[in-house]
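Structure, as structure tokens:
The values are calculated or read from the model by the stated rules, or taken from the named source; none is laboratory data. Every value quoted in this text rests on a predicted model; they were computed, and no experiment measured them. No Cβ is skipped: glycine too gets one built from the backbone with ideal geometry, and neighbour counts run over all protein chains shown.
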Amino acid sequence: MICRNGSTAGEWVQPHEGRGTRGHNIDMLRSGPHTAVHHHFITGKRSMPAGVDKPLPSQSVATAASVPFWIDGRRVGPRSTRSGNVTNPATGEVTRTVPFAGGEDVDLAVRAAVAAFPAWRSTPPLRRARILTRFRELMEQHQKELASIVTDEHGKVLLDATGSVQRGIEVIEFAAGAPHLLKGEHAGSVGHGVDAHSRLQPLGVCAGITPFNFPVMVPLWMFPIALACGNTFVLKPSEKDPSAITSRRR
């Protein structure tokens, strides 16, 4: 959705083959030098409604798409061999498999974020804001698809899921106004012959570990603000419902 050099792209990819619109994958945002990894540790298990038979592994796991790692703007295969299942809580169907990242996977993501940081922090705040504005536009364009994925994996009713995505979009809108907030301050004559200046600078690589209950809204509380301020970001979403926030692409 957002490319390495700060240019924007309007492509929205649905790589989850063989399924309808309620099961597609949208790959993780990469804002300029922004990078992300999904560091999953456990697999959630959900109870099934009465009268619904649990699909056999041969019917579900074998055909389920895998949620990818996105590191340095590209799909990266996991070093770890551990993985789990993502299920639809309404039916118990296994809709995807998710790799559980190990230490090597996390190190790779962090190194990519560290390497990308100098160029991104040097990107003018106004340009960063323009990229985030384009990101917001794409989020609004595909809000229904994202809400549908949240419903499939989390179990929220569609209206609730749509509202949670909207709350996240509003944070992106706020982040796009960061240039005005990043100006710093100046106060003259705070003492005899003394003026005071403040300068706001990026911190570096930031990270977020987000819960399952708001799989889109809570991540959007974090990385748009960090990116607007010139930081890079590593995201670990919940392994129970990772697809909505990890399924965006450049």
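Kindly state which strands (runs of 3 or more DSSP E) lie completely within segment 71-113 and contain at least 3 residues that are of a type outside the set (Phe, Trp, Tyr) and farther than 28 Å from Leu203 by Cβ.
83-87, 94-99
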- Quick one: would you say Arg127 is among the basic types (Lys, Arg), crowded, with 17+ Cβ neighbours inside 10 Å, in contact (Cβ under 8 Å) with a residue 12 or more places away in the chain and outside any loop (DSSP other than H, G, I, E, B)? no
- Message: Any residue at all in segment 137-154 that's free of Cβ contacts under 8 Å to residues at least 12 places away in the same chain, of a type outside the set (Val, Ile, Thr) and outside any loop (DSSP other than H, G, I, E, B)?
- Response: yes
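The rows are residues; the columns are (1) β-branched (Val, Ile, Thr); (2) modelled with pLDDT of 95 or more; (3) over 19 Å from the mean Cα position of the chain (by Cα).
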| site | (1), (2), (3) |
| --- | --- |
| Val190 | yes, no, yes |
| Ser198 | no, no, yes |
| Met217 | no, yes, no |
| Ala226 | no, yes, no |
- Item | Residue identified as modelled with pLDDT of 95 or more and among the acidic types (Asp, Glu) among Glu173, Glu185 | Glu173
